[in-house]
Amino acid sequence: MENEILITTMNDVPGYRVTNVHGEVFGLTTRSRNLFSNIGAGFRTLIGGEVKGWTKLLMRSREEAVERMKQATTEHGGNAVIAMRFDASELGSGITEIVAYGTAVTIRRES
């Protein structure tokens, strides 16, 4: 696990001990789709089914938010994030905010 940030939605990490709590960290990104994608999504809502363009966009957005959260964890001196969560909201017409957040900690393998 050297130089890698472990992320878990749990409040602890089995086999590891939290040696330091660095506080809350988050990664944030905002995204919008282009006009043609929004029109296509509008048609998809009329007939039902997955809007694949939006799904891909949200997946990339989550990945980017997690990477930014990892960077914040490193900057705070941690090597793990516990109690990680996602949040999303619409900021305006077609603009979505994605946030990954949790508690940055330093963990050490128990002997």
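Where a number appears in this text, it was derived from the coordinates with a stated rule and is not lab data. The structure displayed is predicted, hence computed values, not measured ones. Note that each Cβ is placed from the backbone with ideal geometry, even for glycine, and that neighbours are counted across all protein chains shown.
Fully extending the segment from Ile7 to Thr19, taken as 0.36 nm per residue of separation minus the present Cα-Cα distance, adds 2.7 nm.
Can you figure out the FRET efficiency of Gln71 with Ile95, using R₀ = 35 Å and their beta-carbon distance, to the nearest 0.05?
Details: r = 23 Å, r/R0 = 0.65.
So, using R0 = 35 Å, E works out to roughly 0.95.
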